[in-house]
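The values are calculated or read from the model by the stated rules, or taken from the named source; none is laboratory data. Only a predicted model underlies this, so the values are computations on that prediction, with no experimental measurement involved. Here Cβ is always computed from backbone atoms with ideal geometry, including for glycine, and neighbour counts include all displayed protein chains. These area figures cover heavy atoms from the full protein model, side chains too; ligands, DNA and RNA do not enter into them. Shrake-Rupley method; radii C 1.70, N 1.55, O 1.52, S 1.80 Å.
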Amino acid sequence: MKPENPLLPYLATLQDVIDLTPDVKLFKLKLNDPDIRDSFDYKPGQFIFVSAFGVGEAPFGLTSVAHRKAGLEVAIRQVGTVTAALHQLEPGAIVGVRGTFGNHFPLDEYKGKNIFIIGGGIGFAPLRPIILTILDNRDDYGDLLIINGARSPQDLVFAPEFDTWAAAPRTKLELTVDAGDEKWTGTVALVPTVVSELKLSPENAIAITCGPPIMIHFTLIELRKLGFADNQIITTLEGKMKCGLGKCARCNVGDKYICQDGPVFSMEQISELIEQF
Ligand SMILES: Cc1cc2nc3c(=O)[nH]c(=O)nc-3n(C[C@H](O)[C@H](O)[C@H](O)COP(=O)(O)OP(=O)(O)OC[C@H]3O[C@@H](n4cnc5c(N)ncnc54)[C@H](O)[C@@H]3O)c2cc1C
Ligand code: FES
């Protein structure tokens, strides 16, 4: 169902708020109107605007999957005004939701391929729906390797799900941190180093990466060294956003609007955008 005015948010009730890391919370939202709730469809990679009334709104990637019909989930890192206001809210609070916006990861095109998910920090949030979709349709895809990196062990998002992911057939989970603590016995290395050391094979593979720009930059270099072509590397672009509708030009890059043409792009598409500058 398309809203009459796409700038007006739907009302949603906060069902639950779960601490994922010291500065990231998972918000479970239920749209108040049952008709809107039933028709609200979305795909991995798409995003919504969530508003804290009286403060403002901000875009967040949906980290849930529509097919599980468990409500909308966003993982929000507190960085500034809107995110701080959202972090203050408790279950039962009413927020605004606009969306969904943007394109999505073309997971149907990846069927039969080996998938490498490479995420860092809060950048892992839009990658979780890919993992959930593959795990719920495990026979449709090849091997799944998940690399999740963070500054420290307590900054790894979605830790309660790691055992389930690692136990899935033909699935491997590699966790890495920039600096361990006294309990950490796992890998201490930057994400691009892990990519290099694991010697990921580009054969019949797609690498999907999302995280801080510096992580993406060096991960891309490693993937190219390993022989990945630019059309085998998928990432998401972030940008300042206001409308989400391709109207305000805040998120413009080259001849594209990230809010409408993105946020999901292949490196092949990004290289074309860079050539426009
Ligand atoms: C398509 C898209 C999807 C996103 N998905 C998520 C998500 O799933 N989870 C999540 O936590 N965030 C996500 N973000 C980022 C989120 O929108 C911003 O963190 C949010 O807008 C900040 O709003 P604020 O009012 O709290 O911060 P502001 O008060 O506007 O900014 C405070 C400080 O944070 C910095 N800042 C603002 N935006 C960002 C940013 N995007 N990255 C890093 N620093 C920033 C500002 O430069 C400033 O220093 C996404 C952004 C886009 C465009
Ligand atoms: S956010 Fe307004 S054009 Fe993209």
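Here the translational diffusion coefficient of the chain follows from Stokes-Einstein with Rh set to the Kirkwood radius across Cα pairs; for 4 °C and 1.567 mPa s it amounts to 67 µm²/s. If the chain linking ILE94 and ASP255 were pulled fully straight, counting 0.36 nm for each residue of separation and taking away their Cα-Cα distance, it would gain 54.3 nm. Of all accessible surface on the chain at a 1.4 Å probe, what whole percent is carbon and sulfur? Its accessible area is 51 percent carbon and sulfur atoms. Here the Karplus curve 6.51 cos²θ - 1.76 cosθ + 1.60, taken at θ = phi - 60°, turns the phi angles of segment 71-83 into couplings of x, 8, 10, 10, 9, 10, 8, 6, 10, x, 4, 5, 5 Hz, with x standing for Gly and Pro. Positive-end ranking of PRO44, LEU29, VAL17 along the dipole of segment 10-101, with charges on Cβ about the Cα centre, is headed by PRO44. Each listed q (0.12, 0.15, 0.17, 0.23 Å⁻¹) maps to a log10 I(q)/I(0) for segment 10-101 from the Debye sum over equal C-alpha point scatterers, namely -0.31, -0.49, -0.64, -1.24. For segment 107-236, the convex hull drawn through the C-alpha positions has a volume of 97 cubic angstrom per residue. Rounded if a/c is under 1.5, else prolate if a/b beats b/c, else oblate: with a ≥ b ≥ c from the C-alpha gyration tensor eigenvalues square-rooted, which is segment 41-147? The shape class here is prolate.
Taking every lysine pair in segment 107-236 that is 8 or more places apart or spans two chains, those with Cα atoms closer than 19 Å amount to 5.
Once the other residues with Cβ under 13 Å from the Cβ of ALA75 are scored (Lys, Arg +1; Asp, Glu -1), what is the net sum? Don't skip to the answer; put the middle values down first.
Values: positive: LYS25, LYS28, ARG77, ARG128; negative: ASP16, ASP19, ASP23, GLU73, ASP155, GLU161.
Result for the local shell: -2.
When ASP139, ASP255, ASP261 are compared by accessible area of protein heavy atoms, the largest-first order is ASP139, ASP255, ASP261, using a 1.4 Å probe.
The relative contact order of segment 107-236 comes to 28 percent, based on Cα pairs under 8 Å that sit 6 or more residues apart. Across segment 190-207, coupling constants 3J(HN,Hα) worked out from phi with the 6.51/-1.76/1.60 Karplus curve, θ = phi - 60°, read 6, 3, x, 5, 5, 4, 5, 5, 6, 6, 4, 8, x, 5, 6, 10, 10, 10 Hz, and Gly and Pro carry x. For the chain, the solvent-accessible area of protein heavy atoms averages 48 Å² per residue (probe radius 1.4 Å; ligands and nucleic acids excluded).
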